[in-house]
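Q: Just dropping this structure here.
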Amino acid sequence: MTSRRFDVVFLDAGGVLVSPHPELIGASLADFGLSVDPELLVAAHFHGMRAIDDARAEPEVFDDYHAAYARHLGVAEHAVADVATALDGLWMRGGLWTAPLPGAAEGLAAIAATGVPIVIVSNADGTVADLLTRSGLLQVGPGPGVEVAGIIDSGAVGVAKPDPRIFELALAVTGATADRAVHVGDAYQFDVRGARAAGIHPVLVDPLGLRT
């Protein structure tokens with residue numbers, strides 16, 4: 001029997017499992033006469049996350065993210081501020097993060113097949129459990145998607161990454177110890193720093209190779 005390196009896998013939601021729904025983004029950008037390839041929208045997210053890391057932004061502060069997002073979509077510099085403001089309004093309305101990322105379903109299934117429990121640990125607005133269930137990827141308990149042991153949403157628990165207390169709540173779901181947990185996220189500022197502060201092994205999702 002192969003011994004396990006970890007007793008629990010923590011996964012961020014946005015940028016790891018789901019991205020903003022392209023139709024909602026497209027409708028917002030259409031007001032500026034922009035039409036964007038959905039694949040470019042996925043790449044724009046990771047450029048936005050790089051901007052958050054570079055700025056050492058506070059949780060749920062997306063100013064740098066939205067500006068970098070707009071620039072990657074080819075928005076002219078004179079219009080970046082206006083587009084970023086529109087995007088910020090879209091983010092504030094919620095209900096956006098429902099588009100499964102390429103490979104997310106397969107990756108979840110592969111982790112679940114190992115028998116290691118999965119807990120979602122997300123900086124969000126209290127709705128991430130509903131959004132992930134609607135995406136069809138997963139749910140707490142049995143259902144059409146992958147079964148996860150729990151979903152820790154900063155908006156629901158009142159503490160956000162990189163504060164290590166959010167990971168303490170996640171550890172309590174399965175009773176695992178920090179040294180036997182791994183956290184996968186797309187923000188060095190929140191995911192890597194937070195996991196390290198909690199004594200958890202971090203993995204940074206960087207599909208475009210933007211980080212050193």
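Q: Counting only residues 5 or more places away or on other chains, whose amide H sits under 5 Å from the amide H of Ser19 once H atoms are built in the peptide plane?
A: Thr98, Ala99, Leu101
Q: What shape does region 114-199 have by the C-alpha gyration tensor, where a ≥ b ≥ c are the square roots of the eigenvalues, rounded means a/c under 1.5, and otherwise prolate means a/b greater than b/c and oblate the rest?
A: Here region 114-199 falls in the oblate category.
Q: Roughly how many debye, to the nearest 20, is the charge dipole of the chain about its Cα centre, given +1 on each Lys and Arg Cβ, -1 on each Asp and Glu Cβ, and no other charges?
A: Approximately 680 debye in magnitude.
Q: Would you be so kind as to identify which of Gly33, Gly14, Ala44 lies farthest towards the positive end of the dipole of region 6-99, taking Lys and Arg as +1 and Asp and Glu as -1 on Cβ and the Cα centre as origin?
A: Positive-most Cα among the choices belongs to Gly33.
Q: Within 10 Å, count the other beta carbons around each residue, average over each peptide in 36-47, 191-202, and list them highest first.
A: The peptides rank, most packed first, as 191-202, 36-47.
Q: Another question about this same structure. Apply the Karplus parameterisation 6.51 cos²θ - 1.76 cosθ + 1.60, with θ equal to phi minus 60°, to every residue of region 197-212 and state each ³J(HN,Hα) to the nearest whole Hz, in sequence, with x for glycine and proline.
A: 4, 8, x, 9, 6, x, 10, 9, 7, 9, x, 9, x, 7, 9, 8
Q: Here's something else I'd like to know. From the residues His66, Ala76, Ser122, which one has its Cα farthest along the dipole of region 40-155 in the positive direction, the dipole being from +1 and -1 charges on Cβ of Lys/Arg and Asp/Glu about the Cα centre?
A: With unit charges placed on the Cβ atoms, the residue in question is Ser122.
Q: Once amide H atoms are built 1.01 Å from N in the peptide plane, which residues 5 or more positions from Val8, or in another chain, come under 5 Å H to H?
A: Residues meeting the amide H criterion: Val182.
Q: Still on this model: Can you work out the Karplus-derived ³J(HN,Hα) for every residue in region 70-76? Use 6.51 cos²θ - 1.76 cosθ + 1.60 with θ = phi - 60°, whole Hz, and x for glycine or proline.
A: My calculation for region 70-76 gives 5, 4, 5, 7, x, 5, 4 Hz in order.
Q: Ok, one more. Please give the helix 104-113 orientation as an angle from the longest Cα principal axis of the chain, in degrees from 0 to 90, rounded to the nearest 10.
A: 0
Q: Over region 1-70, what percent of the accessible surface lies on carbon and sulfur atoms, probe 1.4 Å?
A: That share works out to 50 percent.
Q: Amide H to amide H under 5 Å from Val146: which residues, 5+ apart in sequence or cross-chain, H placed 1.01 Å off N in plane?
A: For Val146, whose amide H was placed from the backbone, the distant partners under 5 Å are Leu138, Gln139.
Q: Follow-up question, since we're still on this one. Under 1.5 on a/c is rounded, so check that first for region 15-98, then, if it is not, pick prolate when a/b is larger than b/c and oblate when it is not; a ≥ b ≥ c are the square roots of the alpha carbon gyration tensor eigenvalues.
A: rounded
Q: Another question, then. For region 1-151, what does the relative contact order come out to in percent, with C-alpha contacts under 8 Å and a separation of six or more?
A: Computed value for region 1-151: 30 percent relative contact order.
Q: Can you tell me the orientation of helix 165-174 relative to the chain, as the angle in degrees between its alpha-carbon axis and the longest Cα principal axis, to the nearest 10?
A: Approximately 50 degrees, to the nearest ten.
The values are calculated or read from the model by the stated rules, or taken from the named source; none is laboratory data. Bear in mind the structure is a predicted one, so any value in this text is a computation, not a measurement. For neighbour counting, all protein chains shown are included, and Cβ atoms are generated from backbone atoms with ideal geometry for every residue, glycine included. These area figures cover heavy atoms from the full protein model, side chains too; ligands, DNA and RNA do not enter into them. Shrake-Rupley method; radii C 1.70, N 1.55, O 1.52, S 1.80 Å.
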